[in-house]
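Student: Following this message is one structure expressed as C-alpha cells.
The values are calculated or read from the model by the stated rules, or taken from the named source; none is laboratory data. Remember, predicted model here, so these are calculated numbers, not experimental data. Ideal geometry is used to build each Cβ from the backbone, glycine not excepted, and the neighbour counts take in all protein chains shown. Areas reflect the complete protein model, heavy atoms only, side chains present, ligands, DNA and RNA absent. Shrake-Rupley method; radii C 1.70, N 1.55, O 1.52, S 1.80 Å.
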Amino acid sequence: MIFTDIEKKWQKKWEETRLYAFDPASKNPKHYVLEMFSYPSGAKLHIGHWYNYSLADSYARYMRMKGYNVFHPMGFDAFGLPAENFAIKTGIHPSDSTLANIETMEQQLKAIGATFDWDYEIKTCVPAYYKWTQWCFLQLYKNGLAYRKAAPVNWCPSCNTVLANEQVQDGTCERCHSIVTKKHLTQWFFKITAYAEQLLFDLDKVDWPEKTKAMQKNWIGKSTGSEITFGFEKGGDFNVFTTRADTLLGCTYVVFSPEHEQVGFITTPEYKDKVEEYREAAARATEIDRLSTTREKTGVFTGSYAINPANGRRVPIWIADYVLSSYGTGIVMAVPAHDERDYAFASKYDLPIERVIRSADGSADPLPYVEYGIMTNSGGFDSLSSEEGKKAVTQSLKDKGRAAFKVNYRLRDWLISRQRYWGAPIPMVYCEQCGEVPVPESDLPVKLPYDVDFTPDGTSPLAKKEDFVNTVCPVCGGPAKRETDTMDTFVCSSWYYLRYPDNKNDEEAFSRKVMDKLLPVDKYIGGAEHACMHLLYARFFTKAFRDMGTLGFDEPFSSLVHQGIILGPDGEKMSKSRGNVISPDSYISKYGSDTLRMYLGFGFNYIEGGPWNDNGIKSIFRFLERVERLVQRVMSLPGGSGKPDAGLNYQLNYAIGRVGGDIPAFSFNTAIARIMELVNAIYKYLGGACDGAFAKEAAQKLILLLAPFAPHFAEEMWETLGKDYSVFNQAFPIADEGALQRSTVNMALQLNGKVKANFDIAADASREEVEKYVLQNFPKLLLGQTPKKIIVIPGRLVNIVL
C-alpha cells in the first residue's frame, strides 16, 4: 500500500462529504477541543507543531467516536514582532509575508488529515478580526479596566518596544534575549489587578496541571499584611506595605525605590546630584540583578527623614535599587535586625540595627535587643506572639488613622502598548479640547495602513504616517491625533476562543447565545510556557466580559493539557539559528502522515516530549503494513459461528478498556502499545484453528481502536472489511467486563528465578492449591530436592527456590 495515495484519497472524500463539518444543531453533547493556534513566523510547520496538532486531533477523533458533537477549529495568531523584524530586514511587507506563510501552513495542517473545520478559521491580522479586538479594548475602557498613565516600563533596546512584565525572562526580552532596561513612558494598561483575587481563587474550579496552577498563584503573589502610614518630617505622609507589622519598632530607616514618583520631593538640594546619578544607574540594571541575593546592596541618602508612627522616632530616608516600584507601595520600612537585605544594607552604611523579636529557640543574639512589645491604649507594652503582634500593632495604629489591614498582590496591571507597526491599532484619539476620546464603535475597525516606514527608532512606525495620525475628534469635530502605539499581540489571543464559534458574525464579536451553547472550551492543549501570559490574560478577559453580561461563565478553559516539547536531535530547542529544525515533509512523502502521527504518539510521552530521533519510524511503517496483511488475511477466511475465543476475547476487551482510558488521559504511547499487543494476539489466534466470523469481528474492533491514530489507513481498512463509510461515524468500542473475568490464568514457573515452564490454572486458585499443583505436575524440576521456599504471585508466577 502506498500510504500517501490513500491519504489523498480520503482527504478528498472527507472534504467532498464534509465529514468533519461542525453541526451547531446537533443534539449530541458538545465538546470544544482547541489547540493554541500557531504564529506564522516561519514559512512551514516543524515537527513540534505536528506533535501538538496531530495527537490533539487523535483525542478529538476519539471524542467524536464517543458520541460527542466535537467543535475543532483552527486559525492563526498573525500579528507580532517577528514579521515586522523580517520586513525591516528584507523589505517584504508583514502583511504579505504573514498571509503567504498562512497559506503554506494551511496546506501543511490539512496534510495532517485533522478534523479541523476550516469554515471557522480566524486570522488575527485581518480587519474582520481586529475590528473586534478593538471593540474588546473599548469595552474594557468603558468599564474602567483600560487606562493610560506614565510609568516606568520594561524596554527592549533591540526590539525598540515596551514589554509586559510577563515578557521579561531572567531580565531579558523573551523574543531576542537582549538585556531589558527601564524607561518612563505614558502607556496603556489593562487593569488585570482588579481580578487578582478571583484569578487566584477560581484556579480551584479548573482541571489544570498543578504546576501551571502553582505558577499562576506565584505570579499573582498574594500577601496578607498591613499598610502603615509614616509621616515626612517636612510634612505629608506616605504608606508602606509590610507583612511584619510586629517588627515596626525595629524600623531604623526607610527605603524608596529609585523610580518612585516622590523621590524628587524628598531629595534635599545638597543630595540632588548623587540621587540623580544613582537613579540613572538603577535604570540600567535589570530587575533580576536588583533582586539578586548575592549582589552588593547599594543606595543613596536623600537628605530627608520620616517619622515612625509607632514611637515617633525620626528615621532617615534612602533610595536603593533592591526596592522595586512594582511591589507594594515601592517603599520599604527597613528592619535590619530581622531582614537579611536590610541587615546587609544597614551594615554597609552604618545604620542602626535594633532587635525587637527574640530568636525562635531563645538563644543569645549578638545584636542589641529592645524588649518586644505592643502599644496598648494606656501607652504601655504587652508581650505578644508574632501573629498576635501583627494584628495588635496594625489595629493600634488603625485606631489612630495610621494603618490598615491590607492584602497585596505581586501581579501588576497588564501593559499593552507596543511601539511597533504589526499589531492592532489602539482605538483612541487625543483632542486638545476633549482630551482622550475613544473611537466610536461604528467607526471600527481603525485600519492599519499598508504604506508605512518600518525603520526602527524607538517610536511607533505609525507616528510617521501623517494621514493616519491626523484625524477628527469624534466629540467636538476639531482636529485630533490618533494613538500610534499598537496592542500587545496577547490581546488578540486573549479572546480568540470566543470568536471561533461565531467567526462570521458581522454585528458583534460573539453572541451570548452561541457562547452559552459552546463555551467554555472543554479541552485546551498547548505549551506550558504561556502559564503566566496568555492563560492568565484569557482568564482575565473571560471574567471581565462575564461581569459586563456578555458571557455566562467564569473560566475559558475547563480542562488543560500541556504537550511536551520535541527538541532537536542535539537535545536543544528547535530554532533556525541552531540549524536543528526538523521538517515533517520528508517523512510524510516517504512514510505517510499516519505513520508520522503514530510514531509521534508511540515514541514520546505526550506530556514530556524529548529529543527527536527517527530510529523507530520504520518500525511503525512496518507495523501498519502488518495490520494491512492481517485485514487481508481475515477477509480470506471462511465464515464461522462467531463464537468468541476466550483467550483472544480477553485480549480484545482488555485492549479496548485500556485504549479507551489512555486516550482521554493523553497517554498515547501506552494506548498504541496496547493496540500492538492486540495485533500480536490476533495473529496468534489466526495461527491455529480459528472462527472466521469472530476473527473478522476482532479485526473490525482493532481498526476502530487504531482509527484515532491512523485515520486515513483506518478508513482504507474499514472499506476493505466491507463496512460502510466512514469509520469515524462508528462508536468507539466498549469493553465487555464479562470477557475480562477469566476462568483460568497462565502462570510462569521459575526455578531459582529462571523461567522453566508455563501452566494454566483456575483464576481463583488459592496459594496452597497453586503450590500443590506445581509439586504434583513438575516433579522432575525439583531434581529430588525439597524446596527451601515457594513464592507465589497470584495470576502471574511461581518461583521455586532450591
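Student: What is the dipole size for the range 124-184, taken about its Cα centre, with +1 at each Lys and Arg Cβ and -1 at each Asp and Glu Cβ, in debye to the nearest 20?
Tutor: So the dipole magnitude of the range 124-184 works out to roughly 340 debye.
Student: Which three extents, in angstrom, do the Cα atoms of the chain have along their principal axes, listed largest first?
Tutor: Here the spans come out as 103, 79, 48 Å, largest first.
Student: So if R0 is 56 Å, what FRET efficiency would residue 96 and residue 746 give, r being the distance between their Cβ atoms, rounded to the nearest 0.05?
Tutor: 0.25
Student: OK, next. Can you tell me which of 292-305, 47-60 comes out highest on packing, and rank the rest after it, using the mean Cβ neighbours within 10 Å?
Tutor: 47-60, 292-305
Student: Still on this structure: Please state, rounded to one decimal and in Å, the Kirkwood hydrodynamic radius that the range 730-802 gives when every pair of distinct Cα atoms enters the mean of 1/r.
Tutor: 13.6 Å
Student: While we're on this one: Among 445, 472, 525, whose Cα projects farthest towards the positive end of the dipole of the range 432-560, with charges put on the beta-carbon of Lys, Arg (+1) and Asp, Glu (-1)?
Tutor: 525
Student: Same structure, new question: With everything on Cα atoms, drop me the angle between helix 210-220 and the longest principal axis of the chain, reported from 0 to 90° to the nearest 10.
Tutor: It is inclined by approximately 10 degrees.
Student: Which one of 134, 159, 48 is farthest out on the positive end of the charge dipole of the chain, using unit charges on Cβ (Lys, Arg +1; Asp, Glu -1) and the Cα centre as origin?
Tutor: 48
Student: Then there is this: D for the range 1-90, whole µm²/s, Stokes-Einstein with Kirkwood Rh over alpha-carbon pairs at 25 °C and 0.890 mPa s: what number?
Tutor: 155 µm²/s
Student: If Lys and Arg each add +1 and Asp and Glu each add -1, what is the summed charge of the other residues whose beta carbon sits under 13 Å from the beta carbon of residue 26?
Tutor: Combined, the nearby Lys, Arg, Asp and Glu give +2.
Student: Also: May I ask for the angle, rounded to the nearest 10°, between helix 767-777 and the longest principal axis of the chain, with both axes built from Cα atoms and the value confined to 0 to 90°?
Tutor: It is inclined by approximately 40 degrees.
Student: Using only alpha carbon pairs under 8 Å that are at least six residues apart, calculate the relative contact order of the range 409-566 and give it in whole percent.
Tutor: Relative contact order of the range 409-566: 21 percent.
Student: Grab the eigenvalues of the alpha-carbon gyration tensor for the range 395-543, scale each by 5, take roots, and send me the semi-axes largest first in whole angstrom.
Tutor: Sorted largest first and rounded, they come to 32, 27, 19 Å.
Student: Another question, if that's okay. If you take the Cα atoms of the range 610-736, find Rg, then find the Kirkwood Rh from the mean of 1/r over all pairs, what is Rg/Rh?
Tutor: Result for the range 610-736 is an Rg/Rh of 0.96.
Student: Say R0 is 22 Å: what FRET efficiency, to the nearest 0.05, do residue 229 and residue 261 get from their beta-carbon distance?
Tutor: In this case the efficiency is close to 0.80.
Student: Just to be sure I understand the model, the point goes 7 Å from the Cα along the line to the Cβ. What's the resulting residue 291 to residue 546 distance in nm?
Tutor: Simple spin-label model gives 2.8 nm for this pair.
Student: In addition: Using amide H atoms built 1.01 Å from N in the peptide plane, name the residues 5+ places from residue 182, or on other chains, whose amide H lies under 5 Å from its own.
Tutor: Correct list: 155.
Student: Test of the criteria: in the range 502-570, which GluC sites (Glu not before Pro) are in a DSSP loop and have at most 10 other Cβ atoms within 10 angstrom of their Cβ?
Tutor: 507
Student: Roll a 1.4 Å probe over the protein heavy atoms and report the accessible area of residue 455 in Å², nearest 10.
Tutor: 80 Å²
Student: Another question, then. Convex hull volume of the Cα atoms in the range 685-754, per residue, in Å³?
Tutor: It comes to 174 Å³ per residue, whole-number rounded.
Student: Along the charge dipole of the chain, which of 324, 783, 599 sits closest to the positive end, that is, farthest toward it, with unit charges on the beta carbon of Lys, Arg, Asp and Glu (+1, +1, -1, -1)?
Tutor: Value computed over the given set: 783.
Student: Do any of 89/573; 191/406; 217/390; 149/234 go past 30 Å between their Cα atoms, and which?
Tutor: Over 30 Å Cα-Cα: none of the listed pairs.
Student: Now for a different question. Treating the beta-carbon of each Lys and Arg as +1 and of each Asp and Glu as -1, no other charges, what is the dipole magnitude of the range 439-546 about its Cα centre, to the nearest 20 debye?
Tutor: 540 debye
Student: A further question follows. Note the full-extension length gain between residue 272 and residue 191 as 0.36 nm times their separation in residues minus their Cα-Cα distance, in nm to one decimal.
Tutor: 25.7 nm
Student: Give me the extension gain from residue 457 to residue 434: residue separation times 0.36 nm, minus the current Cα-Cα distance, reported in nm with one decimal.
Tutor: That works out to 5.3 nm of additional length.
Student: Helix-only estimate, please: 222 nm mean residue ellipticity of the chain, summing -39500 (n - 2.57) across DSSP H runs of length 4 or more and dividing by its residues, to the nearest 500.
Tutor: Value at 222 nm, helices only: -10500 deg cm²/dmol.
Student: Only residues of the range 240-261 count here: report those whose backbone N is under 15 Å from the spot 7 Å along Cα→Cβ of residue 404, or say none.
Tutor: 240-242
Student: What does the highest-first list of 155-163, 32-40 look like by mean Cβ count within 10 Å?
Tutor: Top to bottom by mean Cβ count within 10 Å: 32-40, 155-163.
Student: Would you pull out the residues with amide H under 5 Å of residue 428's amide H, same chain only if 5 or more places away, H placed 1.01 Å from N?
Tutor: Correct list: 439, 483.
Student: Let me ask another. Note down the nm distance, to one decimal, between modelled labels 7 Å out along Cα→Cβ at residue 507 and at residue 150.
Tutor: Result for the modelled spin labels: 4.6 nm.
Student: Further, regarding this structure: Among the GluC sites (Glu not before Pro) within the range 382-481, which fall in a DSSP loop and have no more than 11 other Cβ atoms within 10 Å of their own Cβ?
Tutor: Those that pass, being in a loop and sparsely packed, are 432.
Student: For residue 762 and residue 737 in one chain, what is 0.36 nm times their gap in residues minus the Cα-Cα distance, to one decimal in nm?
Tutor: Full extension of this stretch gives 7.2 nm more.
Student: Return one number: the angle in degrees, 0 to 90 and rounded to the nearest 10, between the long axis of the Cα atoms of helix 711-720 and the longest principal axis of the Cα atoms of the chain.
Tutor: Taking the Cα atoms of the chain, the angle to 711-720 is about 20 degrees.
Student: For residue 482, what charge total do you get from the other residues with a beta carbon under 13 Å from its beta carbon, if Lys and Arg give +1 and Asp and Glu give -1?
Tutor: Taking every other residue near residue 482 into account, the sum is -2.
Student: Is there a quick way to get the dipole size of the chain? I mean about its Cα centre, with the Cβ of Lys and Arg at +1 and of Asp and Glu at -1; what is the value in debye to the nearest 20?
Tutor: In total the dipole reaches around 1700 debye.
Student: Please tell me the relative contact order of the range 86-175 in percent, rounded to the nearest whole number, where contacts are Cα pairs under 8 Å and at least six residues apart.
Tutor: That works out to 10 percent.
Student: Quick check: with the 1.4 Å probe, what order do 594, 506 take by accessible area, largest first?
Tutor: 506, 594
Student: Next up: Given a cut-off of under 8 Å on Cα pairs at least six residues apart, what relative contact order in percent is computed for the chain?
Tutor: 14 percent
Student: Roughly speaking, what % of Cα-Cα pairs in the range 107-190 are separated by over 17 Å, rounded to a whole number?
Tutor: Every Cα pair in the range 107-190 considered, those over 17 Å come to 66 percent.
Student: In terms of solvent-accessible area of protein heavy atoms at a 1.4 angstrom probe, what is the ranking of 676, 428, highest value first?
Tutor: 676, 428
Student: For residue 222, list long-range residues whose amide hydrogen, built 1.01 Å from N in the peptide plane, is under 5 Å from its own amide hydrogen.
Tutor: 410
Student: Taking the Cβ of residue 132 as the center, what net charge do the other residues with Cβ under 11 Å away carry, scoring Lys and Arg +1 and Asp and Glu -1?
Tutor: Summing Lys/Arg as +1 and Asp/Glu as -1 gives -3.
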